[in-house]
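These notes are about the structure you will find just below.
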Amino acid sequence: MNVYATLAQIRAYLQAAGTTMSTSDDEKLTQYLIWSSRLIDRRCHRRFYPRIETRHFDYQDTLRLFVDDDLLAVETLTVDDSTIANTEWLLYPLTQYPKAWIEIKHNSTSLFTYSGTPQDCIQVTGTWGYHDDWDNAWVDSQDTVQDDPLTNAATSLTVADADGVDINGLTPRFSVGSLLKIEDEYLVVTTVNTSTNTLTVQRGVNGTTAAQHTQGTTIYTFIPFTPAVTAVLDLTKWIYEHRNAVGGIIALPSLEGTAIQSDVDKILAAHRLPVRPPLMIP
């Protein structure tokens, strides 16, 4: 799903704006949140959600590897099928996210090199996506796994208080669209039952693997990049308010020529790439 605002957030946003809505519109609102999030991805030529994947690179330089996407963290760095320990390299820029290149430490004996072909000789397994504060992107939900245990095949997750206060003092702590992390697994909330404190979840999303988790394991919630949240709320509100003007909006709309286009572009101006540039090596 990978939405940048939850169902609870858009309902609160519409209510604050004085927009009349019904709980029967929740399915539509969820679809509009998905559309809005993907429109913003397309508009910015980048993705604002984290995903785990392995990307492949040709040889560039003995000390530096410039990556072709927004990089947040590296799990393994492999050169010619040999892993370079994480003590041997640094991610740059040092104090900013996302990262743009990996640099071998000058006192290291490791190098980016190859024994056969320079093509596809380097593999980077890591977390990819755009966020300007990755160190604080995951927060304690103030809740834990209540299942004993949560099996790797379960799609129902029991929590202590589904609509309790989150770490920022807001409610509910879980909503449709929330991206969760339990240990190394990412999960997406698709429904919430506050009476039974159960969440229906999609398991092992964004390149992670569904795994068993013991009772009491901390559940973390992803906090998306703030401008992406603001843009999605504005855009979803616009789509919702104009849904009847275009037959209920049954297909993914375009931003071009709409009244909301300039508003979204202003919010995301500093984070929008005209196109994903080709990889340039200084």
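Listed values, structure above:
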item	result
Residue that is touching a His at 6+ places or on another chain (Cβ under 8 Å) and either surrounded by 18 or more Cβ atoms within 10 Å (Cβ to Cβ) or under 20 Å from GLY177 (Cβ atoms) (or both), where the choices are LEU65, LEU72, LEU91, LEU77	LEU72
All strands (runs of 3 or more DSSP E) inside the range 83-156 with 3 or more residues being farther than 28 Å from CYS44 by Cβ, touching a residue at least 60 places away in the same chain (Cβ under 8 Å) and not aromatic (Phe, Trp, Tyr)	138-144
Verdict on ALA231 being of a type outside the set (Phe, Trp, Tyr), at pLDDT 75 or above and loosely packed, with under 15 Cβ neighbours inside 10 Å	no
Residues that are over 28 Å from the mean Cα position of the chain (by Cα), of a type in the set (Ser, Thr, Tyr) and under 15 Å from THR76 (Cα atoms), drawn from the range 91-146	SER110
Residues located in the range 67-81, provided they are modelled with pLDDT of 95 or more and over 14 Å from GLY126 (Cα atoms)	VAL79
Filter result (modelled with pLDDT of 95 or more, surrounded by fewer than 15 Cβ atoms within 10 Å (Cβ to Cβ) and in contact with a strand residue (DSSP E or B) (Cβ under 8 Å, 6 or more places away or on another chain)) within the range 166-190	GLU183
Residue within the range 49-59 that is under 30 Å from SER178 (Cα atoms), in contact with a strand residue (DSSP E or B) (Cβ under 9 Å, 6 or more places away or on another chain) and among the aromatic types (Phe, Trp, Tyr) present	yes
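The values are calculated or read from the model by the stated rules, or taken from the named source; none is laboratory data. Not measured: the values here are computed from a predicted model. All Cβ positions, even for glycine, are placed from backbone atoms using ideal geometry, and neighbour counts span all protein chains on display.
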